[in-house]
Amino acid sequence: MPVLDRIGRILAAVAWLLAILGGVVLTAMALLTVTSVIRRELGFGAILGDVELVELGAATAVFCFLPWCQLQRGHVTVDILVQRFPERLHLLLTSIGHLTLATVGAVITYRVWLGLGEKLRYGDQTFILGAPIWPGYVAGVVGGLLFTLIALQSALTPRQQPSPGAAE
Amino acid sequence: MSGLELTIAAFILMLVAIFLRVPIAVAMGVTGFVGSWIVRGQPTAVLSQLKTLPYDTFSSYSLSIVPLFLLMGQFATKSGMSQALFRAAADWLGHRKGGVALAAVGACAGFGAVCGSSLATASTMGQVALPEMRRYGYSNALATGALAAGGTLGILIPPSIILIIYAILTEQNVIKMFAAAMIPGLLAMLGYMLVVALYARIRPDAAVTAPRVPYGERFLSLAGTWPVLAIFLVVIGGIYLGKFTPTEGAAVGAVATGLYGIWTGGLNLTTFVDCVLSAGQTTAMIFLIILGATVFNSFLGTTRTPQALADWVAGTGFAPMTILTIMLLTYLVFGCVMDSLSMILLTIPIFFPIIEVLDFGMTPEETAIWFGILALIVVEVGLITPPVGMNLFIIHSMARDVPITATYRGVAPFVASDLIRVVLLVSFPAISLALVRWLF
């Protein structure tokens, strides 16, 4: 299915870009925090609202990373039982697993979208800087939507693979 | 249906879903969502909570330490620290029986001081040490087993992502948890080294010795590991002395490691992108599980099961040690098939209230710290126990020609040393608490 393939490649490219953006945000958070610490230690005072900026950045970065993680099929599953099933059943369950991710992704994206509407309407701001919170929700909607689409794509093209690693 | 029955039903359904390959985060989140719906009689409250919950969870300041430490660990893998550590360890230990494997374990411990993740440690040190061990003709079982086990030192020796999550869940002081993990972490290293030494004596053909290196060279290569020591001291020391918060410490560590990587030339635009993508993938995976666990735990809270269970356990009059043993065994059993973070997030909300009402003859805080270390170690054993042990898979993926059964065989004595250590730590809480008592 060439159309699906092309869509898949576009999704992958956007997810990659978004993940890089998340990485830039994360690096910026680290640099901002270090600058703030150095300023504080030297007696110039911490950067005003540094904690808030880190919080806003963290949420943005995590949302940006979600589609990439799904593209790498990196969400944790327990494969030990289904590996013993016949191949077709295994692939079917793998598809269903990705479908559940897509469903949950769609619900969450819709809820965050509603949340974005509320943040815009009431103009929620951070405590110290008075920075608007809604950009974090925009990242949520964009990341959530792309995550959902990629999960759908994974459901259509299930692969047998050992579960990639967990954290720690 | 009572709250307890509902919880049990929810747990069973969730585990069935997980074993049918529903992603763990989804299984927890959906079970929690449906459970809360049943308890409240309508889904509106949870649905409305979901509008802000993802943002609120992902923007948590205390959790933002996780991606920062992951980034630091990724930078460390590209900065040449792993090579320097292994070189120094091999110069000092290589001429002993099983020396190259001893060096691999020692280098893993050193790398654990700048990396909070067990998989990153196993894969980084594996890339450096596995070719060396094979060059000296080490048996495949010993080489892969030592590296898989050594990888767990990445998380036992602070910083440690799992300990951070535990500290947040149970509202403990992160730096006290780190302090408590130090001695058990070093004990783990010594235990693994002892295993290698015994192995090399029982099977001398499995582990050839490398030539002895003169002391001048040894000190030179030891000096080459200064960045690891410096970054560890600045990050952990800075947090301990209150110079900065744990999150700030992680940021300092990430920037320092990144700068060092740029200086050594290991970190350039290409490898930076690799680092970011890798840290990002793990971050997303962790935070999605945390989100699912948050929904599940808010359901648990509405059923009041944890308190009821804790009261019930306290009322039965079982010896606290019996209950602790049951919990640790549960971790060991589930660790064979589940990943460590999911286990901690699923069980701590249930286990911790029980631990809190049991009397182990320590202050509540000391009990919490001690239990955290025990839980950390038993879930980490899960990383090297067959059939599903992530570290085994990582090392296996680097040595495709080694059958996974050889790795299973090779890691068995290391698992045994883990179990002995757990018994020691359970019997003597002071091993975990001594440093905390001395420092704070």
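A few comments on the model shown:
- Per-region count, the range A:1-35, residues under 30 Å from B:Gly238 (Cα atoms), in contact (Cβ under 8 Å) with a residue 40 or more places away in the chain and open to solvent by 80 Å² or more (accessible area, probe 1.4 Å): 1
- Qualifying position, being at the interface with chain B (Cβ under 10 Å from one of its Cβ atoms), without any contact (Cβ under 8 Å) to a residue 60 or more places away in the chain and closer than 28 Å to B:Gly280 by Cβ, among A:Gly115, A:Gly136: A:Gly115
- Every pair of residues 6+ apart whose Cβ atoms lie under 8 Å, when the first sits in the range A:88-100 and is under 13 Å from B:Val26 (Cβ atoms) and more than 7 Å from every other protein chain (Cβ to nearest Cβ) while the second is open to solvent by 70 Å² or more (accessible area, probe 1.4 Å) and in a helix (DSSP H, G or I): A:His98/A:Leu152; A:Leu99/A:Leu152
- Test: residue in the range B:393-412 that is of a type in the set (A, V, I, L, M) and closer than 26 Å to B:Leu13 by Cβ: no
- Those residues of the range A:40-82 which are more than 7 Å from chain B (Cβ to nearest Cβ) and among the β-branched types (Val, Ile, Thr), in sequence order: A:Ile47, A:Thr60
- Residue-level check: of (1) over 26 Å from the mean Cα position of the chain (by Cα); (2) part of a helix (DSSP H, G or I); (3) at pLDDT below 95, B:Phe318 misses just (2).
- Residue match in the range B:47-58 (condition: within 30 Å of A:Trp134 (Cα to Cα), open to solvent by less than 40 Å² (accessible area, probe 1.4 Å), in a loop (DSSP other than H, G, I, E, B) and without any contact (Cβ under 8 Å) to a residue 40 or more places away in the chain): no
- Only listed residue being touching a Phe, Trp or Tyr at 6+ places or on another chain (Cβ under 9 Å) and more than 7 Å from every other protein chain (Cβ to nearest Cβ), chosen from A:Phe127, A:Phe147: A:Phe147
- Filter result for A:Val78 (in contact (Cβ under 8 Å) with a residue 40 or more places away in the chain, open to solvent by less than 10 Å² (accessible area, probe 1.4 Å) and outside any helix (DSSP H, G or I)): yes
- Condition met for B:Leu194 (under 31 Å from the mean Cα position of the chain (by Cα), of a type in the set (A, V, I, L, M) and surrounded by fewer than 19 Cβ atoms within 10 Å (Cβ to Cβ)): yes
- Number of positions in the range B:191-227 that are under 26 Å from B:Gly253 (Cβ atoms) and not in a helix (DSSP H, G or I): 2
- Note on the range A:1-34: residues that are over 17 Å from the mean Cα position of the chain (by Cα) and of a type outside the set (A, V, I, L, M) amount to 6.
- Among the residues making up the range B:272-289, a single one is aromatic (Phe, Trp, Tyr) and within 7 Å of another protein chain (Cβ to nearest Cβ): B:Phe287.
- Subset of the range B:169-195 [within 20 Å of B:Leu424 (Cα to Cα) and in contact with a Gly (Cβ under 8 Å, 6 or more places away or on another chain)]: B:Met177, B:Ala180, B:Gly185, B:Met189, B:Tyr192, B:Met193
- Condition broken by A:Ala139, with the remaining ones in (1) at pLDDT 95 or above; (2) within 23 Å of B:Phe33 (Cα to Cα) satisfied: (2)
- Candidates B:Gly73, B:Gly116, B:Gly110, B:Gly106, filtered to the one that is within 14 Å of chain A (Cβ to nearest Cβ) and in a helix (DSSP H, G or I): B:Gly73
- Any hit, the range B:228-240, residues being open to solvent by 30 Å² or more (accessible area, probe 1.4 Å) and in a loop (DSSP other than H, G, I, E, B): no
The values are calculated or read from the model by the stated rules, or taken from the named source; none is laboratory data. Just so it is clear, the structure is predicted and the values come from calculations on it, not from any experiment. Note that we place each Cβ from the backbone using ideal geometry, even for glycine, and neighbour counts take in every protein chain shown. Ligands, DNA and RNA are excluded from the accessible area calculation, which covers all protein heavy atoms including side chains. Shrake-Rupley method; radii C 1.70, N 1.55, O 1.52, S 1.80 Å.
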